[in-house]
1. Select from the stretch 62-93 the residues that are under 12 Å from residue 135 (Cβ atoms) and open to solvent by less than 40 Å² (accessible area, probe 1.4 Å) and list them in ascending order.
2. Can you name the number of the only condition in (1) part of a helix (DSSP H, G or I); (2) open to solvent by 70 Å² or more (accessible area, probe 1.4 Å) that residue 164 fails?
3. May I ask you to say which residue of 120, 82 is modelled with pLDDT of 95 or more, within 18 Å of residue 11 (Cα to Cα) and not aliphatic (A, V, I, L, M)?
4. Listed residues 156, 138, 110; which is within 15 Å of the chain's Cα centre (by Cα) and acidic (Asp, Glu)?
5. Out of the residues in the stretch 105-140 that are touching a strand residue (DSSP E or B) at 6+ places or on another chain (Cβ under 6 Å) and part of a loop (DSSP other than H, G, I, E, B), state the one that is surrounded by the fewest Cβ atoms within 10 Å (Cβ to Cβ).
6. Taking residue 96 and the conditions (1) among the aliphatic types (A, V, I, L, M); (2) over 24 Å from residue 26 (Cα atoms); (3) open to solvent by less than 40 Å² (accessible area, probe 1.4 Å), which numbered condition does it fall short on, given that it satisfies the others?
7. Name the residues in the stretch 1-46 that are in contact (Cβ under 8 Å) with a residue 24 or more places away in the chain, open to solvent by 70 Å² or more (accessible area, probe 1.4 Å) and among the hydrophobic types (A, V, I, L, M, F, W, C), would you?
8. Of everything in the stretch 103-155, what is at positive phi and in contact (Cβ under 8 Å) with a residue 40 or more places away in the chain? Give them in sequence order.
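The values are calculated or read from the model by the stated rules, or taken from the named source; none is laboratory data. All values reported here derive from a predicted model rather than from experimental measurement. Glycine also receives a Cβ, built like all others from the backbone with ideal geometry; neighbour counts cover every protein chain displayed. These area figures cover heavy atoms from the full protein model, side chains too; ligands, DNA and RNA do not enter into them. Shrake-Rupley method; radii C 1.70, N 1.55, O 1.52, S 1.80 Å.
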Amino acid sequence: MFKVFILNGQGKSGKDTFYNIISQYDQALYDNIRMTKTSMIDRTKEIAQRCGWHGGKDLKDREFLFNLKQLLSTYNDLPYFTTKTTINYFKNSLNLPFVFVDAREAKDIDRLKKDFPCTTILIKRGDSKIFNNPADDDVLNYTYDYVVENNGSLEDFKETCHTFWNAILNEFDILPKV
């Protein structure tokens, strides 16, 4: 069994926290690392650092990363190619059953869904925000398989994540024997 989970959400919604909670929980259940995470913009960020980007996430940084990703996508499809290569590496070389991918844009999500067995997850925290770039601003304009709300405390979110992951494991009939 192999499954790609596409994570999306606006900035500061809790995507990384969601993945970290799920990963730690799954590892505790199975006493084994069975998942990893990558992002459609990882390679773009590496290139951005060579251009002087220092890892910021303010509006200007987000706009720069969006524009650079668009340029690279138009030029040679590098963001998608490297993401697809990374997913295949985790699947075929490391034999991991679950890969989580941060992907913001609908066109990238749809391409991933054509190439891999995917489930889409929106992490939602509070009201939508304006980031002044289509990648962030259009996040809520997509139909996801699951929406996970992150509106309480960290403990509340952990409980939500554990419940969600148990439902996914149950859906695939792979709950551990307790």
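1. Here is the first cut: in the stretch 62-93, the residues under 12 Å from residue 135 (Cβ atoms) are 62-70, 73, 79.
Residues satisfying the conditions are 62, 65, 66, 68, 69, 73, 79.
2. Failed condition: (2).
3. Checking each option against the conditions leaves just 120.
4. Answer to the selection: 110.
5. Step by step, filter the stretch 105-140, then rank; the result is 117.
6. The single condition residue 96 does not satisfy is (2).
7. Of everything in the stretch 1-46, those that are in contact (Cβ under 8 Å) with a residue 24 or more places away in the chain, open to solvent by 70 Å² or more (accessible area, probe 1.4 Å) and among the hydrophobic types (A, V, I, L, M, F, W, C) turn out to be 1, 33.
8. Residue satisfying the conditions is 132 alone.
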